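A.B. asks: I'd like to ask you about the structure that follows.
The values are calculated or read from the model by the stated rules, or taken from the named source; none is laboratory data. All figures in this text were calculated on a predicted structure; none of them were measured in a lab. Here the Cβ positions follow ideal geometry from the backbone for every residue, glycine too, while neighbour counts run over all protein chains shown.
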Amino acid sequence: MSKITDAREAVMVGRRSDGTLVRRPLSPHLQAYDMMQMTSALSITHRITGTLWSIGLVFLVWWLVAAASGEASFNGAQWFFGSFFGVVGLMGLTAVAWYHTLAGVRHLYWDSGRGFDLPTTYLTGRAVLIGTAALTALTWLIMLITWI
Amino acid sequence: MAAPTIRSLRSPLGRVRGLGAAKGGTHHWWLQRVTSVALLPLTIWLVFSLARMPDATWQQATAWIGRPFNAVLLLAFLAAAFHHMAYGLQEVVEDYVRGELAKVGALLALKGACFLLWLSATLAVLRIAI
């Protein structure tokens, strides 16, 4: 057993049946799991969308601070959000926001101790994907109707 | 070489039930759930509200932000969202950043950035609303 240098490894130590200490394998592990399964793909997508949504919050802060700073800076922010990159970015962030919200509801459902059997896991996973597509389309439909 | 031994006689389950040495236990996990429940209605409200004002002028936008109902919900959203964001990104940093110095540095920078962004947005809402 080599010396532990990382604090996280302290909780990853187990015993073999002969009593010797052994490092437990980490899970889910890229070398042990097929990350192309829907279950693992949706799991890492929840983390990725959570991280990406931080950019959406930074945009919101910019929009609010620009509005508080005056008309000129607000028009600058609005120009960016209405530009090609702004529109594409906001479209992506809408999908990211709805995915993370719906997958978060799925996590709360799991926290209640339910929905862990495989058929239900696939059912709720598909519901998250379909719901994300539907809510993203609805959000942009509302936006386009207001815009035009 | 003598084999390492586990000195505590308490079982891991017993330590968890006693909340461990720091008495922190499930604080991080629980607050992540509390903020997520708060964010659920607030996010639905905010996304659909913003979707209805893509061509808003400065006068229209500040009037919307300044309305007491909207200002209160915006302030609540910002508090819950930045708490949730700081806690969520903390988990990402703790999982992927190697080395104590880099990890603690990243966590301090992350918490500082989240705090300043939350403070800026909150001040902006208050300045428009009051």
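A.B. asks: Which of (1) within 20 Å of A:LEU118 (Cα to Cα); (2) modelled with pLDDT under 90; (3) not aromatic (Phe, Trp, Tyr) does A:GLN31 not meet, given it meets every other one?
C.D. replies: If we test A:GLN31 against (1) within 20 Å of A:LEU118 (Cα to Cα); (2) modelled with pLDDT under 90; (3) not aromatic (Phe, Trp, Tyr), just (1) comes out false.
A.B. asks: Quickly run through the stretch A:111-140 and pick out the residues that are more than 9 Å from chain B (Cβ to nearest Cβ) and hydrophobic (A, V, I, L, M, F, W, C). Outline the logic, then answer.
C.D. replies: Initial filter on the stretch A:111-140 (more than 9 Å from chain B (Cβ to nearest Cβ)): A:112-134, A:136-137.
If the condition is that a residue be more than 9 Å from chain B (Cβ to nearest Cβ) and hydrophobic (A, V, I, L, M, F, W, C), then A:PHE116, A:LEU118, A:LEU123, A:ALA127, A:VAL128, A:LEU129, A:ILE130, A:ALA133, A:ALA134, A:ALA137 are the ones that fit.
A.B. asks: Let me ask something else about it. Filter the stretch A:61-86 down to residues that are part of a helix (DSSP H, G or I) and farther than 28 Å from B:LEU126 by Cα, then give me how many there are.
C.D. replies: So the count comes out to 2.
A.B. asks: Can you find, within the stretch B:100-130, the residue that is nearest to B:ILE65 (Cα to Cα) among those that are more than 8 Å from chain A (Cβ to nearest Cβ) and small (Gly, Ala, Ser)?
C.D. replies: Looking at the filtered set, the residue picked out is B:ALA129.
A.B. asks: Let me confirm something: among B:LEU42, B:LEU75, which residue is surrounded by 17 or more Cβ atoms within 10 Å (Cβ to Cβ) and either in contact with a Lys or Arg (Cβ under 9 Å, 6 or more places away or on another chain) or at negative phi (or both)? So that I can check it myself, show each step before the final result.
C.D. replies: Values: B:LEU75 fails: surrounded by 17 or more Cβ atoms within 10 Å (Cβ to Cβ).
Unique residue meeting the criteria: B:LEU42.
A.B. asks: On the given criteria, is A:GLY113 under 18 Å from the mean Cα position of the chain (by Cα) and farther than 27 Å from B:LEU110 by Cβ?
C.D. replies: no
A.B. asks: Now, a different point. Within the stretch A:50-59, track down each residue that is closer than 14 Å to A:PHE80 by Cβ and facing chain B (nearest Cβ under 7 Å).
C.D. replies: The one that is closer than 14 Å to A:PHE80 by Cβ and facing chain B (nearest Cβ under 7 Å): A:VAL58.
A.B. asks: Just to verify a result, which residue in the stretch A:1-22, among those that are modelled with pLDDT of 65 or more and among the hydroxyl-bearing types (Ser, Thr, Tyr), is nearest to B:ALA102 (Cα to Cα)?
C.D. replies: So, considering only residues that are modelled with pLDDT of 65 or more and among the hydroxyl-bearing types (Ser, Thr, Tyr), the one nearest to B:ALA102 (Cα to Cα) is A:THR5.
A.B. asks: For B:GLU91, indicate whether it is surrounded by fewer than 17 Cβ atoms within 10 Å (Cβ to Cβ) and under 23 Å from A:ILE44 (Cα atoms).
C.D. replies: Values: surrounded by fewer than 17 Cβ atoms within 10 Å (Cβ to Cβ): yes; under 23 Å from A:ILE44 (Cα atoms): yes.
Yes.
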